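Below you'll find the structure, written out as structure tokens, and then a few comments.
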Amino acid sequence: MSPSAQSRRTSYFALSRSPRYSVLFALPLLVAYELLAAVLAQPGRELRNGADVMLRATFTAVAGQRGPAIFMGAVIFLGVFLVVRDLRVSRGGFRALVFGGMFVESIALAAAFGIVIGVATTKLIGSLQMLIIAQDGIQSMDWPTRLMLSLGAGLYEELFFRVLLVTGLAAAARTLLGVGTRASSVFAVVIGALIFSAFHYIGPFADPFDLHSFTFRILSGLAFSGLFVLRGFGVTAWTHALYDSFLLLF
């Protein structure tokens, strides 16, 4: 391997996309979300992120009451497997500065996305009314619940809509349509963003459909799907969690 190729593989951007950094960077989101969900749960009623509920429901439909436990076990097993495999292949360890850089990058991206998406939505439909409409129900909740939902959105919506959906759509485009990597990524980002936005209006706790919020969420979906393709799961999950936290808490 040439020195330039080796340098690219060990650069910050390459390392932060690798499973050993990306998965471990997302681990605090999982721990904090599950702890908050357990603490805030009431007898006979547990509020969780919609993507989390959908994934758990899928496992429950197959495995019955053990479904949620099997789901959590599968998430942990997959994470450990990816980290261990990456460590063996790369024969590298960890650099604390990479995790620090990922956190700073996520904060900067969350702030930038908030500004850019808000301005873009205003330019397209001339109003930010959807920020009020889309959040009326959530804003009535206490801040620990809003924080829990924000962390869950960053973790489970990225797991479902980016890791599973965008990756699957890109693979399907390459296989069925015969397009290249770049074209399949664009296809997956656009279709994934439409599905991501539509998801918020489906189910018993869905928001009433509104063009403002639908447009806002399409733009958010495009931003997060594009970020996932470029920067991987860890940075995207934290950016999404912080982005939602900024919107819901402040």
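Each value in this text was obtained by applying a stated rule to the coordinates, not by laboratory testing. Treat the numbers as computed from the prediction; the structure is a model and nothing was measured. Note: ideal-geometry Cβ built from the backbone for every residue, glycine included; neighbour counts use all protein chains shown.
Brief remarks on what is shown
- Gain on full extension, evaluated as 0.36 nm per residue between residue 90 and residue 210 minus their Cα-Cα distance, stands at 38.5 nm.
- Here the simple spin-label model places points 7 Å from the Cα toward Cβ, and for residue 120 and residue 57 these points are separated by 2.9 nm.
- Take the Cβ atoms of residue 97 and residue 47, set R0 to 51 Å, and the FRET efficiency comes out at 0.85.
- Options 90, 176, 215, ranked by Cα towards positive dipole end of the chain, top entry (Cβ charges): 90
- Efficiency of FRET from Cβ geometry, residue 198 and residue 32, R₀ 35 Å, rounded to 0.05: 0.80
- Viscosity 1.567 mPa s, 4 °C: Kirkwood-radius Stokes-Einstein D of the chain over Cα pairs, µm²/s: 67 µm²/s
- Three principal axis extents of region 4-106 based on alpha-carbon atoms, in descending order, are 57, 28, 18 Å.
- Net charge of Cβ neighbours under 15 Å - reference residue 194; Lys, Arg +1; Asp, Glu -1: +1
- Highest to lowest packing among 11-20, 87-96, scored as the average C-beta count within 10 Å: 11-20, 87-96
- Ranked by how many other beta carbons lie within 10 Å on average, peptides 179-187, 156-164 from highest: 156-164, 179-187
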